[in-house]
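Enquirer: Once you've had a glance at the structure underneath, I'll fire off some questions.
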Amino acid sequence: MSSQVADVDHHDRHHRHEEDHGEGGGEAESATVDVVLSEVGGQKVPVIKVVRAATGLGLKEAKALVDEAPKAIKEGVDREEAEKIKGDLGAVTS
């Protein structure tokens, strides 16, 4: 089992839009990222609690999201918030 539970997708949506339309920006880092739950491991309840806290979802919705892993749990968030969520998920699974 891998110890990595959450991935941070470093692709900015606006940046992808510019690339699709041939517009410029040699931006090195994205302004916003997606947090993707890649696996749950054996401790599902603590992961559901972190997902609920991060997303504001109800218990049923958060459980469904965790059950569907790998899945984006939060999209278009700033890098600091994404790293906090990733850390919180890592703490409950280690």
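The values are calculated or read from the model by the stated rules, or taken from the named source; none is laboratory data. This is a predicted model, so every value here is computed, not measured. Because the Cβ atoms are built from the backbone with ideal geometry, glycine has one as well, and the counts that use them run over all protein chains shown.
Enquirer: For the subset of segment 33-74 comprising residues that are assigned to a loop (DSSP other than H, G, I, E, B) and hydrophobic (A, V, I, L, M, F, W, C), which member is nearest to the chain's Cα centre (by Cα)?
Expert: Per the criteria, the residue is Ala69.
Enquirer: From Val51, Val47, Val40, Val35, which residue is surrounded by 17 or more Cβ atoms within 10 Å (Cβ to Cβ) and modelled with pLDDT under 90?
Expert: Of Val51, Val47, Val40, Val35, the one residue that is surrounded by 17 or more Cβ atoms within 10 Å (Cβ to Cβ) and modelled with pLDDT under 90 is Val40.
Enquirer: So in segment 75-91, with the set limited to residues that are in contact (Cβ under 8 Å) with a residue 60 or more places away in the chain and part of a helix (DSSP H, G or I), which one is farthest from Val47 (Cα to Cα)?
Expert: Once the filter is applied, the top-ranked residue is Arg79.
Enquirer: Since Lys60 meets every condition but one in (1) surrounded by fewer than 15 Cβ atoms within 10 Å (Cβ to Cβ); (2) at pLDDT below 60, which condition does it not meet?
Expert: Only one criterion is unmet by Lys60, namely (2).
Enquirer: Go through segment 76-94 and count every residue that is exposed (fewer than 13 other Cβ atoms within 10 Å of the Cβ) and either within 12 Å of Asp34 (Cα to Cα) or of a type in the set (A, V, I, L, M) (or both).
Expert: Qualifying residue count, segment 76-94: 3.
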